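Structure first, then comments.
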Amino acid sequence: MKDGSKPHVSPMNLVKSLSSVGGLTLVSRILALLRDSLAARYVGAGFASDAFNGVAFRLPNMFRALFAEGAFSAAFIPMFNKKAAGPDGIAGGYVFAERALAVLLPVLIVFTVALLLAAYPITWLLSGGFARQNPTEAQFAFAVMLSRITLPYLALISLASLLGGILNSLDKFWINAAAPILLNLAMIGGLWFFHGANEYDTARVQAISVTVGGVLQLLWLIWACHRAGVDMRLRMPRLDADVREMLRLIVPAAAGAGAAQINLLISTSLAGSLLASGSITYIYYADRLNQLPLGLIGIGLGTILLPTISKLLSTGQEEAAMDTQNRGIELALFLTLPATVAFMIAAEPIVRGLFQYGLFTPEDARKCGWALSAFSIGLPSYVLVKVLTPGYYARGDTRTPVRFAMLSIVVNIVGNLIMIPWIGHVGPPLATALASTVNVAMLYRTLAKRGHFVADAQLRRRVPRLALAAVLMGATVFACKQLLDPYLGGPLVYRYAALGVLVGAGMAIYVVACFLTRAYRIADLTALIRKRGATSKPVQE
């Protein structure tokens with residue numbers, strides 16, 4: 001890592017890295033859909049599901065996004081790479097990691113204990129007191145209990161994020177990407193083998209399995225680090241200059257990287273306060289489906305781009321860093337635009353095929369579909385935030401993204417207050433989408449104004465053609481959903497087969513449309529197949 005090694009980061013390398021991360025993330029997200037299908041079957045859409053999805057599971061999801069996929073990585077990885085590129089080599093990076101762990105561990109312990117003690121007011125704030133649902137004292141105490149069961153996951157995932165950041169910096173992306181699979185397996189096992197006699201008992205099992213999954217994730221990363229020769233020693237905590245710098249960067253990065261999560265928390269709180277029972281669950285399941293392409297594309301690209309760009313900038317390769325970010329945006333839109341169109345056109349059939357079973361009724365599926373369509377409007381911007389913010393973090397600027405994040409949160413709050421009385425539970429997802437779009441517009445404009453990003457000819461040529469290809473795909477999905485609709489409410493085998501045909505037909509038409517519109521050419525495909533390794537160069541437009 002001392003010499004900066006690669007002079008150019010090729011599109012092939014970016015695709016290969018994303019394939020590795022994205023493939024494992026795909027497995028995790030498929031398992032998450034299975035987990036949510038089981039939850040919909042055994043818990044339904046009522047107070048128990050709102051208490052778990054809106055509060056007890058919302059906190060772990062938020063902290064995973066803030067730390068595992070956001071703030072800690074944004075602050076830690078560039079500093080780790082700088083130390084590893086210094087005179088002490090990789091050993092200097094490991095020493096810095098140990099010093100970071102020495103400070104992080106006691107902070108996490110104190111923070112977790114404080115949250116456990118404050119579980120009652122936290123639950124009230126996150127749920128808006130479930131005002132419209134008017135819960136009994138016993139019901140609200142149940143929601144608080146679920147929160148206390150899941151809170152230890154926050155410390156577990158934060159420690160795991162440090163180890164995952166080291167492995168990402170060593171280009172071992174797949175190990176960290178595999179960790180969420182263990183959480184989903186723990187939750188699936190709990191729902192399948194230990195679901196209770198009613199929805200409240202099953203929600204309690206869900207909460208316990210979250211913390212069990214966090215333990216498994218941390219143990220997996222400890223083992224993986226040991227196999228990679230990274231054995232972290234516990235030191236006495238000391239706030240030296242490097243650790244203070246990391247902590248200084250974490251706070252603004254948390255707000256910047258977690259803007260979408262903060263917006264969702266605000267939306268959930270307002271929904272709990274202003275909307276009827278089940279609304280939080282509709283928003284939750286819609287968000288889970290919306291998170292599928294975000295997890296596969298945005299988080300995967302963000303994970304890869306941050307260490308890649310920081311390495312290039314640390315060795316003075318500004319042009320290569322900009323090219324890498326251009327290809328990241330191109331790849332993000334190539335993969336995101338068809339998902340956006342599909343969710344807007346076929347949201348209800350998708351929700352019905354996956355979740356309408358047991359306690360989850362056709363009316364629940366219809367309302368959840370509306371929420372998914374609203375969320376999907378902002379899907380490109382959710383992903384592009386993940387692609388653009390590494391351009392700031394790799395340069396040590398965590399303050400600019402946080403300013404923009406704060407503005408987007410204001411947009412979200414105002415949007416919720418205006419739209420909830422007007423369109424009910426569809427308001428929070430639509431406000432979240434609008435806020436994210438405002439955020440990405442500010443991020444893009446400022447990077448361009450500073451000269452840190454210029455859209456090259458290849459990107460400018462491809463984006464409108466990709467959009468046209470996605471529209472052509474959307475027409476196919478609309479036609480297919482009419483034919484497949486009768487099968488999406490039948491037995492599980494028919495449902496999944498119908499969904500497979502719907503998704504498969506859409507993907508096939510989109511690929512063909514990309515070539516017909518010349519968004520991509522056969523020469524581009526053969527170049528990616530033929531060129532491997534760091535020496536490959538992008539096809540010139």
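Among the residues of the stretch 164-171, are any farther than 29 Å from VAL110 by Cα and either outside any helix (DSSP H, G or I) or not small (Gly, Ala, Ser) (or both)?
Step one: filter the stretch 164-171 for residues farther than 29 Å from VAL110 by Cα, giving 170-171.
Then drop every residue that is not either outside any helix (DSSP H, G or I) or not small (Gly, Ala, Ser) (or both), which leaves 170-171.
Within the stretch 164-171 (the criterion being farther than 29 Å from VAL110 by Cα and either outside any helix (DSSP H, G or I) or not small (Gly, Ala, Ser) (or both)), the answer is yes, since at least one residue qualifies.
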Requested in this report: Return the total of residues in the stretch 459-506 being among the hydroxyl-bearing types (Ser, Thr, Tyr) and more than 21 Å from THR361 (Cβ to Cβ).
Outcome: 1
Requested in this report: Determine whether VAL230 is modelled with pLDDT under 95, closer than 27 Å to LEU26 by Cβ and surrounded by fewer than 22 Cβ atoms within 10 Å (Cβ to Cβ).
Outcome: yes
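Which ones in the stretch 40-58 are under 16 Å from SER277 (Cβ atoms) and either in a helix (DSSP H, G or I) or not assigned by TED's automatic domain parsing to the domain that holds VAL144 (or both)?
Keep residues of the stretch 40-58 that are under 16 Å from SER277 (Cβ atoms), which gives 40, 43-55.
Once the filter is applied, which keeps residues that are under 16 Å from SER277 (Cβ atoms) and either in a helix (DSSP H, G or I) or not assigned by TED's automatic domain parsing to the domain that holds VAL144 (or both), the stretch 40-58 yields ALA40, VAL43, PHE47, ALA48, SER49, ASP50, ALA51, PHE52, ASN53, GLY54, VAL55.
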Query raised in the report: In the stretch 93-109, how many are closer than 16 Å to GLY229 by Cβ and either in contact with a His (Cβ under 6 Å, 6 or more places away or on another chain) or surrounded by fewer than 19 Cβ atoms within 10 Å (Cβ to Cβ) (or both)?
Result: 2
Query - Filter result (surrounded by 24 or more Cβ atoms within 10 Å (Cβ to Cβ) and not aromatic (Phe, Trp, Tyr)) within the stretch 388-407 - result: LEU388, THR389, PRO390, GLY391, ALA394, THR398, PRO401, ALA405
Query raised in the report: Between a first residue in the stretch 193-221 that is part of a loop (DSSP other than H, G, I, E, B) and a second residue that is charged (D, E, K, R), which pairs have beta carbons less than 8 Å apart while being 6 or more apart in sequence or on different chains?
Result: HIS195/ASP201; GLY196/ARG204
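For LEU117, state whether it is modelled with pLDDT of 80 or more, within 26 Å of THR25 (Cβ to Cβ) and of a type in the set (A, V, I, L, M, F, W, C). Break it down stepwise before answering.
Working: modelled with pLDDT of 80 or more: yes; within 26 Å of THR25 (Cβ to Cβ): no; of a type in the set (A, V, I, L, M, F, W, C): yes.
No, not satisfied.
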Query raised in the report: For the stretch 336-350, does any single residue satisfy the condition of being at pLDDT below 90 and either in the same structural domain as CYS514 (by TED's automatic domain parsing) or more than 30 Å from VAL43 (Cβ to Cβ) (or both)?
Result: yes
Query raised in the report: Has the stretch 357-367 got any residue that is of a type in the set (A, V, I, L, M, F, W, C), at pLDDT below 90 and surrounded by fewer than 20 Cβ atoms within 10 Å (Cβ to Cβ)?
Result: yes
Report summary line: Exception for VAL454 within (1) surrounded by 22 or more Cβ atoms within 10 Å (Cβ to Cβ); (2) not in a helix (DSSP H, G or I) falls at (1)
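For THR268, state whether it is assigned to a helix (DSSP H, G or I), in contact with a Pro (Cβ under 9 Å, 6 or more places away or on another chain) and at pLDDT below 80. Step through it out loud before you land on a result.
Numbers: assigned to a helix (DSSP H, G or I): yes; in contact with a Pro (Cβ under 9 Å, 6 or more places away or on another chain): yes; at pLDDT below 80: yes.
Spelling it out, THR268 is indeed assigned to a helix (DSSP H, G or I), in contact with a Pro (Cβ under 9 Å, 6 or more places away or on another chain) and at pLDDT below 80.
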Query raised in the report: GLY391 fails exactly one of the following numbered conditions: (1) over 20 Å from TYR494 (Cβ atoms); (2) part of a loop (DSSP other than H, G, I, E, B). What is the number of that condition?
Result: (2)
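Could you say which residue among LEU372, LEU417 is assigned to a helix (DSSP H, G or I) and surrounded by fewer than 24 Cβ atoms within 10 Å (Cβ to Cβ)?
Details: LEU372 fails: surrounded by fewer than 24 Cβ atoms within 10 Å (Cβ to Cβ).
Among LEU372, LEU417, only LEU417 is assigned to a helix (DSSP H, G or I) and surrounded by fewer than 24 Cβ atoms within 10 Å (Cβ to Cβ).
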Report summary line: Residue pairs within 8 Å by beta carbon, gap of at least six or interchain, first lying in the stretch 151-170 and farther than 16 Å from PHE80 by Cα and surrounded by 24 or more Cβ atoms within 10 Å (Cβ to Cβ), second modelled with pLDDT of 85 or more and charged (D, E, K, R), listed first then second, are none
Query - Flag for ALA342 being touching a His at 6+ places or on another chain (Cβ under 8 Å), surrounded by 24 or more Cβ atoms within 10 Å (Cβ to Cβ) and either part of a helix (DSSP H, G or I) or not β-branched (Val, Ile, Thr) (or both) - result: no
Query - Of the criteria (1) more than 22 Å from TYR392 (Cβ to Cβ); (2) touching a residue at least 40 places away in the same chain (Cβ under 8 Å); (3) of a type outside the set (S, T, N, Q); (4) crowded, with 19+ Cβ neighbours inside 10 Å, which one ARG465 fails - result: (4)
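In the set GLY474, GLY500, which member is buried (at least 17 other Cβ atoms within 10 Å of the Cβ), under 18 Å from ALA342 (Cα atoms) and within 25 Å of the chain's Cα centre (by Cα)? I'd like the intermediate steps shown before the answer.
Details: GLY500 fails: buried (at least 17 other Cβ atoms within 10 Å of the Cβ).
Unique residue meeting the criteria: GLY474.
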Report task. Out of the residues in the stretch 172-192 that are aromatic (Phe, Trp, Tyr) and either surrounded by fewer than 19 Cβ atoms within 10 Å (Cβ to Cβ) or not in a helix (DSSP H, G or I) (or both), state the one that is modelled with the highest pLDDT. Result -> TRP192
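The values are calculated or read from the model by the stated rules, or taken from the named source; none is laboratory data. All values reported here derive from a predicted model rather than from experimental measurement. Ideal geometry is used to build each Cβ from the backbone, glycine not excepted, and the neighbour counts take in all protein chains shown.
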